[in-house]
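*Asks:* To start, I am sharing the structure in question, which I have written as structure tokens.
The values are calculated or read from the model by the stated rules, or taken from the named source; none is laboratory data. What you see is a predicted model, and the numbers here were worked out from it, not measured in a lab. We place every Cβ from the backbone using ideal geometry, glycine too, and count neighbours over all the protein chains shown. Just the protein is used for accessible areas: all its heavy atoms, side chains included, with ligands, DNA and RNA removed. Shrake-Rupley method; radii C 1.70, N 1.55, O 1.52, S 1.80 Å.
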Amino acid sequence: MSTPAAIRVWESHFTLYRTIWRSNVMGAVLQPFLYLLGMGLGVGALVNRNESSGQLLDGLTYFEFLAPGLLATTGMMISAQESLWPVLGGFKWQRTFHAQAASPLSAGQITGGLALWQTTRSLISVSGVAVVLVFFPETRSPGLALAVLFGGLTGVAFAAPITGWTATRERESSFPTIMRFGIIPLFLFGGAFFPVSQLPDWIEPVAKVTPLWHGVELCRNAVHGRLGVTEALVHCTVLLAFALGGWALSRWAFAKRLAA
């Protein structure tokens, strides 16, 4: 039985990644480690002095509250970056997708292979954060492995629709705007660093619609053994809706562009 075409596309992305994996993995471990030292332990020591912090953080210390959320934010950040410049480069600069389309591969197979790679890339980065969390007793739990999968799913929920958008662009001029006014605000206000209930009343529902809030809730509750079945199903359904909807958009955009 021959290897599925999408796997062959995934293998081409993985082959390129093998040339940079050491520095990439190093960054995936070092960056969350610094965040946990600075924000989790440093700022956390100040937050925990407030007597009402336990009630606001649902009975958790600030470190316990923050650390699992970094699994979801890392999946989001890495996947967003992978879905912008590298995807446009595949059409415009390296023309990788055009080369693949010149072979017997279809646009759907190219899109499927890219989606597999973006999922792999998200899981690699989220696993780097999980390695750091293992060193702290507050986050070393059986639910950490499940949280890695949720963090990876969060990344896919961002990667798929952004890839679809990128495939319709001729220039990268909109990419910095997406990062500055979309991804960075979500990183700060999406529920990883403080509860969204502390946001103004009119912003809180907006935060809860985004994939990041659902990913943060899944990762945090999985690590601390608080995740209920119904809650998990709701959050996963939302993330899958973003991922599948985005993948359908990507497939349509790739087919249209590669046929032009």
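*Asks:* Label the range 44-178 by shape, choosing from rounded, prolate and oblate, from the square roots a ≥ b ≥ c of the eigenvalues of the Cα gyration tensor; if a/c is under 1.5 it is rounded, and otherwise prolate applies when a/b is larger than b/c, oblate when it is not.
*Replies:* Note, shape of the range 44-178 comes out prolate.
*Asks:* A further question follows. For the range 117-260, what's the radius of gyration and Dmax over Cα atoms, in angstrom?
*Replies:* Values for the range 117-260 (Cα only, Rg and Dmax): 16.4, 55 Å.
*Asks:* Highest mean first, what order results for 191-197, 205-211 on Cβ atoms within 10 Å?
*Replies:* The most tightly packed comes first, giving 191-197, 205-211.
*Asks:* Carbon and sulfur together cover what percent of the accessible area of the chain at a 1.4 Å probe radius?
*Replies:* Whole-percent figure for carbon plus sulfur exposure: 67.
*Asks:* Compute the accessible area per residue over the range 93-231, keeping the other protein chains in place, probe 1.4 Å, unit Å².
*Replies:* Averaged over the residues of the range 93-231, the accessible area is 45 Å².
*Asks:* Quick one: helix 211-223 against the long Cα principal axis of the chain, what's the angle to the nearest 10°, folded into 0 to 90?
*Replies:* For 211-223 against the chain, the angle is about 60 degrees.
*Asks:* Which value results for Rg/Rh of the range 16-56 when Rg is the Cα radius of gyration and Rh the Kirkwood radius based on the inverse mean 1/r?
*Replies:* 1.33
*Asks:* Expressed as an acute angle from 0 to 90° and rounded to the nearest 10, what is the orientation of the C-alpha long axis of helix 62-82 relative to the principal long axis of the chain?
*Replies:* With both axes taken from Cα atoms, the answer is about 10 degrees.
*Asks:* Over the alpha carbons of the range 180-260, what is the largest minus smallest coordinate on each principal axis, giving the biggest first in Å?
*Replies:* Projected onto the principal axes, the Cα atoms of the range 180-260 cover 48, 31, 20 Å.
*Asks:* In Å, what is the Rg of the alpha-carbon atoms in the chain, and how long is Dmax?
*Replies:* Expressed in Å, the Cα Rg and Dmax of the chain come to 19.0, 64.
*Asks:* May I pose another question? When the Kirkwood hydrodynamic radius is evaluated over all pairs of different C-alpha atoms of the range 1-76, what value in angstrom, to one decimal, is obtained?
*Replies:* Hydrodynamic radius (Kirkwood, Cα only) of the range 1-76 equals 15.3 Å.
*Asks:* Between the helical axis of 144-166 and the dominant principal axis of the chain, each derived from Cα atoms, what acute angle in degrees is found, rounded to the nearest 10?
*Replies:* Around 50 degrees separate the two axes.
*Asks:* At what distance in angstrom do the alpha carbon centres of the range 136-151 and the range 102-126 lie from each other?
*Replies:* The range 136-151 and the range 102-126 have Cα centres separated by 26 Å.
*Asks:* Order these peptides, 41-52, 24-35, by their mean beta-carbon neighbour count within 10 angstrom, highest first.
*Replies:* Top to bottom by mean Cβ count within 10 Å: 24-35, 41-52.
*Asks:* How big is the range 111-188 along each principal axis, measuring the range of its Cα positions in Å and listing the largest first?
*Replies:* Sorted from largest, the Cα extents of the range 111-188 read 48, 30, 14 Å.
*Asks:* Sticking with this structure for a sec: Once each part is reduced to its C-alpha centroid, what is the distance from the range 189-229 to the range 46-94 in angstrom?
*Replies:* Taking the Cα centre of the range 46-94 as reference, the centre of the range 189-229 is 11 Å away.
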